[in-house]
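Undergrad: Provided herewith is a single structure, encoded as structure tokens, for subsequent inquiry.
The values are calculated or read from the model by the stated rules, or taken from the named source; none is laboratory data. The structure presented is a predicted model; accordingly, all values stated were derived computationally and were not measured. Note that we place each Cβ from the backbone using ideal geometry, even for glycine, and neighbour counts take in every protein chain shown.
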């Protein structure tokens with residue numbers, strides 16, 4: 001049996017036929033036909049998560065791990081608005097989500113009916129595209145129209161690059177009727193144009209060979225071992241410079257994987273030596289504000305950006321050309337066509353990286369208990385093959401100071417870098433992963449998304465580390481807030497809250513650390529817990545944290 005609403009019955013049929021299985025449904029009445037159609041469908045794994053904001057981020061976490069499109073479905077009205085933060089994050093992170101919002105029929109919009117808003121195009125600024133299904137399927141022409149909409153919507157969640165797509169589904173009452181399944185719809189796959197990459201490769205190779213100083217910057221992306229191998233050869237043999245971050249999920253001795261450490265030490269007199277001629281960029285957002293500032297003040301002559309969707313990402317205001325291609329395929333074709341550079345540019349970056357790495361290790365030996373020391377401990381002691389989820393804002397920035405570690409897969413909601421959804425996203429990844437999943441988050445990020453624990457799908461492989469420094473510690477490091485009279489109340493949002501009672505309320509085992517000597521024993525017990533999700537709250541001194549980090553960058557500059 002399925003819903004007697006033929007529009008959503010057709011949707012569920014095509015959903016399964018196209019190889020999809022996961023949908024997260026939040027409770028409601030207007031979305032009853034969606035529940036009936038999907039929960040009774042063989043091959044569908046339907047989860048129920050009450051909080052729509054958390055549900056959407058949980059779906060994002062599932063999709064970022066599997067690469068498969070995950071659907072989320074809610075009732076009408078403000079419920080749909082709660083999906084917006086996750087939709088924006090998925091859009092800028094290129095994560096495949098199918099957003100299904102139940103709605104009243106068009107004739108009842110703006111006529112005083114409850115739980116009703118104008119929701120057809122509610123996400124238009126941060127989705128790939130949006131559709132609305134016909135209210136009723138009365139004949140074959142409407143059936144074909146609905147089939148086309150559904151096929152196109154699901155295809156677009158994956159091609160030419162992944163991202164969120166919205167389908168608004170209006171229903172007339174009654175909502176709870178059922179019928180036997182009657183549709184056998186046609187599956188239409190995405191028609192790839194198979195654009196020839198060779199002309200693009202030749203053009204990039206020509207540009208490459210014009211410059212002695214070639215720099216590659218990689219933004220956020222999932223791990224890709226083949227791409228990693230190609231880039232290692234390209235850098236080591238052709239003497240280009242590659243700047244990466246932990247969230248780039250790239251690993252190589254020749255990569256500059258601690259961007260802020262290195263860039264912070266480049267003074268005005270020597271900046272021209274580090275300035276590239278040709279800049280090649282690909283991937284998502286770059287965390288480092290320092291490298292953006294450096295390249296805006298000392299720009300390349302040309303920036304070529306690689307994007308399968310042809311996205312014009314002009315981060316450094318020198319965009320010359322967008323290459324609509326898969327980076328892996330493009331670099332594979334590029335490798336034999338480009339000349340080896342002279343050693344000078346490669347060497348100057350490598351020497352600076354070695355110097356600042358040695359300085360970092362000396363500094364870590366002399367500091368006391370602080371956020372920086374805690375991160376040093378955590379990143380050195382987390383187990384192999386950990387999915388490491390980094391919260392905004394300080395956790396992801398601290399991780400960049402230590403470089404990339406091949407034993408981790410790094411994740412972070414850096415699409416729009418919001419505080420919301422960090423806990424829920426990591427929980428969603430853990431749900432579909434057999435690996436250990438560890439979230440390191442700040443206190444405000446945890447409390448803001450604590451509804452992420454209101455979830456019966458939390459697994460024992462999900463572990464949460466809350467760095468509790470009594471507020472938004474990031475505002476002690478960045479320019480501006482620390483010079484005002486409102487730092488503690490309005491920027492940091494200072495507090496004395498603790499996570500213990502929240503953890504206990506949702507059945508999450510709890511540990512706490514407030515001094516260095518407690519850290520190892522409690523951390524070992526935290527990692528060893530196999531029966532339940534667990535939370536480790538690490539209390540650190542807020543004033544000292546800021547001083548330690550600012551002094552760290554001053555110390556690096558003394559090379």
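Residues checked against (1) under 29 Å from the mean Cα position of the chain (by Cα); (2) touching a residue at least 12 places away in the same chain (Cβ under 8 Å); (3) exposed (fewer than 12 other Cβ atoms within 10 Å of the Cβ); (4) assigned to a helix (DSSP H, G or I):
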site: 316; (1), (2), (3), (4): yes, yes, no, no
site: 325; (1), (2), (3), (4): yes, yes, no, no
site: 332; (1), (2), (3), (4): yes, yes, no, yes
site: 345; (1), (2), (3), (4): no, yes, no, yes
site: 352; (1), (2), (3), (4): no, yes, no, yes
site: 358; (1), (2), (3), (4): no, no, yes, yes
site: 369; (1), (2), (3), (4): no, yes, no, no
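Undergrad: Can you tell me which of 437, 409, 405 is closer than 18 Å to residue 245 by Cβ, buried (at least 18 other Cβ atoms within 10 Å of the Cβ) and assigned by TED's automatic domain parsing to the domain that holds residue 539?
TA: Details: 437 fails: closer than 18 Å to residue 245 by Cβ; 405 fails: buried (at least 18 other Cβ atoms within 10 Å of the Cβ).
Answer to the selection: 409.
Undergrad: Can I ask one more? Counting only residues that are buried (at least 16 other Cβ atoms within 10 Å of the Cβ) and over 28 Å from residue 358 (Cβ atoms), which one in region 530-559 is modelled with the lowest pLDDT?
TA: This residue is 542.
Undergrad: Now a separate question. Would you say residue 49 is crowded, with 22+ Cβ neighbours inside 10 Å and farther than 23 Å from residue 122 by Cβ?
TA: It is false that residue 49 is crowded, with 22+ Cβ neighbours inside 10 Å and farther than 23 Å from residue 122 by Cβ.
Undergrad: Are there any helices (runs of 4 or more DSSP H) wholly within region 58-164 with 3 or more residues that are in contact with a strand residue (DSSP E or B) (Cβ under 9 Å, 6 or more places away or on another chain), surrounded by 20 or more Cβ atoms within 10 Å (Cβ to Cβ) and touching a residue at least 40 places away in the same chain (Cβ under 8 Å), and if so which?
TA: Once the helices (runs of 4 or more DSSP H) in region 58-164 are filtered for at least 3 residues that are in contact with a strand residue (DSSP E or B) (Cβ under 9 Å, 6 or more places away or on another chain), surrounded by 20 or more Cβ atoms within 10 Å (Cβ to Cβ) and touching a residue at least 40 places away in the same chain (Cβ under 8 Å), what remains is 84-93, 140-156.
Undergrad: Step by step: first the residues of region 1-48, then only those that are without any contact (Cβ under 8 Å) to a residue 60 or more places away in the chain, in a loop (DSSP other than H, G, I, E, B) and in contact with a helix residue (DSSP H, G or I) (Cβ under 7 Å, 6 or more places away or on another chain), then the one that is farthest from residue 143 (Cα to Cα). Which residue is that?
TA: Across region 1-48, the extreme among qualifying residues is 26.
Undergrad: A further question follows. Quickly run through region 371-384 and pick out the residues that are surrounded by fewer than 11 Cβ atoms within 10 Å (Cβ to Cβ) and either outside any loop (DSSP other than H, G, I, E, B) or in contact (Cβ under 8 Å) with a residue 24 or more places away in the chain (or both).
TA: At the first step, the residues of region 371-384 found to be surrounded by fewer than 11 Cβ atoms within 10 Å (Cβ to Cβ) are 380, 384.
380, the sole residue that qualifies.
Undergrad: Being free of Cβ contacts under 8 Å to residues at least 24 places away in the same chain and over 28 Å from the mean Cα position of the chain (by Cα) is the filter here, so list the residues in region 195-242 that pass it.
TA: 196, 199, 206, 236, listed by residue number.
Undergrad: Hey, another quick one. In this structure, is residue 340 within 21 Å of residue 241 (Cα to Cα) and either out of contact with any helix residue (DSSP H, G or I) (no Cβ under 8 Å at 6 or more places or on another chain) or assigned by TED's automatic domain parsing to the domain that holds residue 296 (or both)?
TA: yes
Undergrad: Follow-up question, since we're still on this one. So, in region 181-214, of the ones that are touching a strand residue (DSSP E or B) at 6+ places or on another chain (Cβ under 8 Å) and outside any helix (DSSP H, G or I), which residue ends up modelled with the lowest pLDDT?
TA: 181
Undergrad: Looking at region 487-516, which of the residues that are assigned to a helix (DSSP H, G or I) and at pLDDT 80 or above is nearest to residue 370 (Cα to Cα)?
TA: So, considering only residues that are assigned to a helix (DSSP H, G or I) and at pLDDT 80 or above, the one nearest to residue 370 (Cα to Cα) is 516.
Undergrad: Restricting the search to region 215-263, which residues are within 18 Å of residue 293 (Cα to Cα) and part of a loop (DSSP other than H, G, I, E, B)?
TA: Listed by number, the residues that qualify are 219, 244, 245, 257, 258.
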